[in-house]
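Below: one structure, written as structure tokens.
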Amino acid sequence: MSDRFDFLELSDGRPAAAVAEAETSQLDSAADPLEASVGSAWKPVRLRAVEIIGDPGTAHGQFMNPLGLAVDRHGAVYVADSSNHRVQRIGMNGELKVYGRPGNAPGELWGPTAVAVDPSGDFFYVSEQGNNRVQCFQVNGQHRGVMNGFASPSGLTVDVAGRLWIADTGNGRVLCWDGRHKQYLTPLDYRHGITRPISLACDPAHNLYVTEGSAEDVVYYANYGRRSGSLGANRRLHGPQQSAIDSFGRVYLAEAGKDRLHVFTPDGSSLFTFETLSTRMGALKAPAGVALGPNGEVYVADTQNHRVVRLAWE
């Protein structure tokens with residue numbers, strides 16, 4: 001039995017034999033890229049699966065095609081449970097809360113794709129491709145409002161200033177909503193090389209990461225506007241989806257076309273890939289979401305296996 005969730009298949013308290021069975025990440029270089037990128041500041045050298053959250057189904061705690069993930073400052077995980085038309089929040093102590101039900105009225109959801117949590121942790125946003133809108137909910141369940149005018153929005157992120165960034169996929173642009181001043185900033189669009197944005201991420205250094213579906217690339221924009229590079233500059237990415245950036249500047253990418261999590265150094269070099277949990281638990285299948293916890297936890301939306309996997313560095 002798990003120490004956190006009664007619907008987990010495994011937990012941190014696994015027997016030593018089970019731990020030994022778990023597969024770990026693969027280094028992409030014969031040289032040690034950890035020492036080259038972060039020196040002695042970071043010693044873990046592999047990832048392993050430590051929890052599986054949920055299984056296929058419609059009950060609370062189950063998922064059908066989970067997509068975007070988010071983690072708040074308290075460590076609670078938010079899952080865009082897409083085919084169940086809801087968002088599920090899983091707290092650190094295992095408490096489960098469900099937001100939305102199928103429909104198009106305020107507070108109802110249809111095809112949620114992404115979740116972004118305000119830095120306060122008091123409310124969150126969810127994008128819906130089926131209803132072409134973004135909604136806001138209090139963590140306590142109260143519905144705060146609806147934002148319309150989008151076409152198949154598929155990605156969200158919140159920057160350090162609390163501004164909401166929206167991948168307005170069908171309109172080929174990225175919008176930024178400044179809630180403090182109640183206005184949209186100048187959008188990023190074709191003039192910035194954006195044609196089909198599908199996911200977004202921000203880091204504390206004011207960089208915006210845009211997963212571009214048409215080019216199958218993740219493009220960096222310094223100061224949220226000036227293109228400064230891309231992960232696909234020296235390699236081909238396969239079905240890139242959500243990305244997340246850790247405190248060392250490493251980029252974690254859900255690479256659905258290769259059934260793996262791909263980790264890159266701050267300069268864009270390939271560092272790790274993770275595909276297989278264990279012989280017993282199988283491999284990732286078309287993962288579409290990734291998010292990082294406040295203590296270094298790595299969560300992956302294992303989309304076509306209808307579960308969320310927590311990974312840990314060791």
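Things to note:
- Residue count for the stretch 72-96, restricted to those that are open to solvent by 20 Å² or more (accessible area, probe 1.4 Å), at pLDDT 95 or above and in contact with a His (Cβ under 8 Å, 6 or more places away or on another chain): 1.
- SER278 meets all of the listed conditions (1) touching a Pro at 6+ places or on another chain (Cβ under 8 Å); (2) open to solvent by less than 10 Å² (accessible area, probe 1.4 Å) but one, namely (1).
- Residues in the stretch 264-275 that are under 19 Å from the mean Cα position of the chain (by Cα) and open to solvent by 40 Å² or more (accessible area, probe 1.4 Å) were compared, and the one that is farthest from ALA215 (Cα to Cα) is GLU275.
- In the stretch 187-213, the residue that is nearest to ASP168 (Cα to Cα) out of those that are of a type in the set (Ser, Thr, Tyr) and surrounded by fewer than 21 Cβ atoms within 10 Å (Cβ to Cβ) is THR195.
- Residue in the stretch 250-263 that is of a type in the set (Ser, Thr, Tyr) and buried (at least 24 other Cβ atoms within 10 Å of the Cβ) present: yes
- Subset of the stretch 155-171 (residues that are surrounded by 14 or more Cβ atoms within 10 Å (Cβ to Cβ) and either of a type in the set (Ser, Thr, Tyr) or more than 22 Å from ALA254 (Cβ to Cβ) (or both)): THR157, ARG163, THR169, ASN171
- Evaluated against (1) under 20 Å from GLN242 (Cβ atoms); (2) at pLDDT below 95; (3) not hydroxyl-bearing (Ser, Thr, Tyr), LEU8 falls short on exactly one condition, (1).
- Restricting the stretch 214-238 to residues that are open to solvent by less than 20 Å² (accessible area, probe 1.4 Å) and not in a strand (DSSP E or B), the residue that is nearest to ASP189 (Cα to Cα): LEU231
The values are calculated or read from the model by the stated rules, or taken from the named source; none is laboratory data. Owing to the predicted nature of the structure, the values given are computational and were not obtained by experimental measurement. Cβ sites come from the backbone with ideal geometry, for glycine too, and all protein chains shown count toward neighbours. Ligands, DNA and RNA are excluded from the accessible area calculation, which covers all protein heavy atoms including side chains. Shrake-Rupley method; radii C 1.70, N 1.55, O 1.52, S 1.80 Å.
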